[in-house]
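S.K.: Pasting a structure below so you can have a look.
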Amino acid sequence: MMVYIETERLILRSWKPEDLPLFIAMNKDEQVMRYFPAILSDGETMAFYKRIQDEFNQKGWGLYAVEIKSTGEFIGYVGLHGIGFDAVFTPGVEIGWRLAADYHNKGYATEAARSVLKLAKKSGIERLFSFTAKINAPSERVMQKIGMVKAGEFNHPKLSDASPLCVHVLYEIEL
């Protein structure tokens, strides 16, 4: 296991096999996934996990597993990810997060994301983006708390215009 970042309350690290059952459960949780088009099946989560590992192998950075420092409990991920669709702001790198529902509204995403910004700068990344469905106020607040600036809104190209999740807010930060 490689530790990338240690904050006051958290450890951001490489993924361990024992994270997978918790990651699968998290991606099936309707509360966690309420701002995504659908919950993920076991197979979809495993494919996502493989993409995370591939990105670490290719780029040296990615979506870091997050654990509570005092308990060692896996609570989700925070990190960097290559944007996987075409838009006016792509290609680019996004900073993103997904935490298990029990860990929402405790400042963990903000705490971890602030540290990821520093790591991104050390990695030579000059600009980061973050985006979410316009109705996802909690994630938008994290973007604001870590110093990102709203760059606009866009219709996500992978979602139907009729979807309540289609309109996304876009934030950016220069590192």
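S.K.: Suppose we keep only residues that are part of a helix (DSSP H, G or I) and in contact with a helix residue (DSSP H, G or I) (Cβ under 8 Å, 6 or more places away or on another chain) within the range 10-25. Which one would you say is farthest from Lys69 (Cα to Cα)?
M.R.: Of all residues in the range 10-25, those part of a helix (DSSP H, G or I) come to 17-25.
Keeping just the survivors that are in contact with a helix residue (DSSP H, G or I) (Cβ under 8 Å, 6 or more places away or on another chain) gives 20, 23-24.
Numbers: Leu20: 19, Phe23: 18, Ile24: 22 Å.
The extreme case among them is Ile24.
S.K.: To continue, here is another question. In the range 153-164, which residues are surrounded by 12 or more Cβ atoms within 10 Å (Cβ to Cβ) and either of a type in the set (Gly, Ala, Ser) or touching a strand residue (DSSP E or B) at 6+ places or on another chain (Cβ under 8 Å) (or both)?
M.R.: Phe154, Asn155, His156, Ser163
S.K.: Test Ile83 against the stated conditions and say whether it is over 14 Å from the mean Cα position of the chain (by Cα), hydrophobic (A, V, I, L, M, F, W, C), modelled with pLDDT of 95 or more and surrounded by fewer than 18 Cβ atoms within 10 Å (Cβ to Cβ).
M.R.: Numbers: over 14 Å from the mean Cα position of the chain (by Cα): no; hydrophobic (A, V, I, L, M, F, W, C): yes; modelled with pLDDT of 95 or more: yes; surrounded by fewer than 18 Cβ atoms within 10 Å (Cβ to Cβ): yes.
For Ile83, the condition - over 14 Å from the mean Cα position of the chain (by Cα), hydrophobic (A, V, I, L, M, F, W, C), modelled with pLDDT of 95 or more and surrounded by fewer than 18 Cβ atoms within 10 Å (Cβ to Cβ) - is not met.
S.K.: Could you list, ordered by first residue, the pairs with Cβ atoms under 7 Å in which the first is in the range 109-121 and crowded, with 20+ Cβ neighbours inside 10 Å and the second is modelled with pLDDT of 95 or more and assigned to a helix (DSSP H, G or I), at least 6 apart or interchain?
M.R.: Listed by first residue and then by second, the contacts come to Ala109/Val142; Ala113/Val142.
For every residue, the table says whether it meets (1) part of a helix (DSSP H, G or I); (2) of a type in the set (Phe, Trp, Tyr); (3) under 26 Å from Lys134 (Cβ atoms); (4) touching a Gly at 6+ places or on another chain (Cβ under 9 Å).
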position	(1), (2), (3), (4)
Tyr4	no, yes, no, yes
Glu8	no, no, no, no
Tyr35	no, yes, yes, no
Lys50	yes, no, no, no
Asn57	yes, no, no, no
Thr90	no, no, yes, yes
Lys106	no, no, yes, no
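S.K.: Suppose the filter is out of contact with any Pro (no Cβ under 8 Å at 6 or more places or on another chain), surrounded by fewer than 19 Cβ atoms within 10 Å (Cβ to Cβ) and among the aliphatic types (A, V, I, L, M); does Ile146 pass it?
M.R.: Details: out of contact with any Pro (no Cβ under 8 Å at 6 or more places or on another chain): yes; surrounded by fewer than 19 Cβ atoms within 10 Å (Cβ to Cβ): no; among the aliphatic types (A, V, I, L, M): yes.
For Ile146, the condition - out of contact with any Pro (no Cβ under 8 Å at 6 or more places or on another chain), surrounded by fewer than 19 Cβ atoms within 10 Å (Cβ to Cβ) and among the aliphatic types (A, V, I, L, M) - is not met.
S.K.: How many residues does the range 128-175 contain that are among the charged types (D, E, K, R), under 16 Å from the mean Cα position of the chain (by Cα) and either in a strand (DSSP E or B) or at pLDDT below 95 (or both)?
M.R.: The number of residues fulfilling the criteria is 1.
S.K.: Being surrounded by fewer than 17 Cβ atoms within 10 Å (Cβ to Cβ), under 15 Å from the mean Cα position of the chain (by Cα) and under 16 Å from Tyr103 (Cβ atoms) is the filter here, so list the residues in the range 1-34 that pass it.
M.R.: Across the range 1-34, the qualifying residues are Met33, Arg34.
The values are calculated or read from the model by the stated rules, or taken from the named source; none is laboratory data. Fair warning: this is a prediction, and the values are worked out from it, not measured in the lab. Here Cβ is always computed from backbone atoms with ideal geometry, including for glycine, and neighbour counts include all displayed protein chains.
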